[in-house]
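Visitor: Pasting a structure below so you can have a look.
The values are calculated or read from the model by the stated rules, or taken from the named source; none is laboratory data. The structure presented is a predicted model; accordingly, all values stated were derived computationally and were not measured. Don't worry about glycine lacking a Cβ; one is built from the backbone with ideal geometry, like all the others, and counts go over all protein chains shown. All accessible areas refer to the heavy atoms of the entire protein, side chains included, with ligands and DNA or RNA removed. Shrake-Rupley method; radii C 1.70, N 1.55, O 1.52, S 1.80 Å.
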Amino acid sequence: NTKATDPSKSAVSGEVTTLPTDVPPDALPVERTDDEVYADYLSDLYAKLQILVIDDTHMDGFDLREGMIGVYEIALQSRIEIMSKVGYAIIDINSDGTKELLLCEVDEFTKESCIGTRILCAYTVSDGEPVLLFEGGYRNSYYLLDDMRLFNEGAESAAKSGFGCFELTGSEAA
């Protein structure tokens, strides 16, 4: 049983789906919610990552829109393996009835399952569009705990670092 205070164990474990490598973006398997807004976002992300796998000259022009810092960091380390290193989960982390989209770094990948821990970014839905809740990178990491609180650890330098837990309420999510 995972303790809620252990950031090395994520509540997202076992629920993360890697982006497929052998289907076109239009056929992207997305868990549809009532909102159905995450499908376009994931299809767009899938297409951009596929371009990176094929041609690394696109790294210079990689779209660093909101939420893409963590994805970009992973692409810099393993461009060819990016499709198996970035996954997603669609779950309601704040019990407001709207599911959030979490892009996660996949730590382990097998045909049966993939386990993700570090959250790269999180989105909610507002006015029918995905809205960024938070994003992280290697020096500003987020983890979803068993009790749906978020653990955040960050470092400005070797001498300046911090950590904390927080939760989102319905009013903070939009």
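Visitor: Among the residues of the stretch 129-161 satisfying the criterion of being among the hydroxyl-bearing types (Ser, Thr, Tyr) and not in a strand (DSSP E or B), which is most open to solvent (accessible area, probe 1.4 Å)?
Guide: 138
Visitor: I'd like the full set of residues that are surrounded by fewer than 16 Cβ atoms within 10 Å (Cβ to Cβ) and in a helix (DSSP H, G or I), limited to the stretch 74-83.
Guide: Of everything in the stretch 74-83, those that are surrounded by fewer than 16 Cβ atoms within 10 Å (Cβ to Cβ) and in a helix (DSSP H, G or I) turn out to be 76, 77.
Visitor: OK, next. Restricting the search to the stretch 26-63, which residues are part of a loop (DSSP other than H, G, I, E, B), over 23 Å from residue 127 (Cα atoms) and modelled with pLDDT of 80 or more?
Guide: none
Visitor: Additional query: Take the stretch 71-105 and flag every residue that is among the β-branched types (Val, Ile, Thr) and either more than 16 Å from the chain's Cα centre (by Cα) or farther than 14 Å from residue 49 by Cα (or both).
Guide: Correct list: 80, 90, 91, 93, 98.
Visitor: Out of curiosity, is residue 22 of a type in the set (D, E, K, R), surrounded by fewer than 17 Cβ atoms within 10 Å (Cβ to Cβ), at pLDDT below 65 and not in a helix (DSSP H, G or I)?
Guide: When the stated conditions are applied, residue 22 passes them.
Visitor: Now for a separate question. Does residue 73 qualify as being under 20 Å from residue 138 (Cβ atoms), at pLDDT 65 or above and among the acidic types (Asp, Glu)?
Guide: Criteria met by residue 73.
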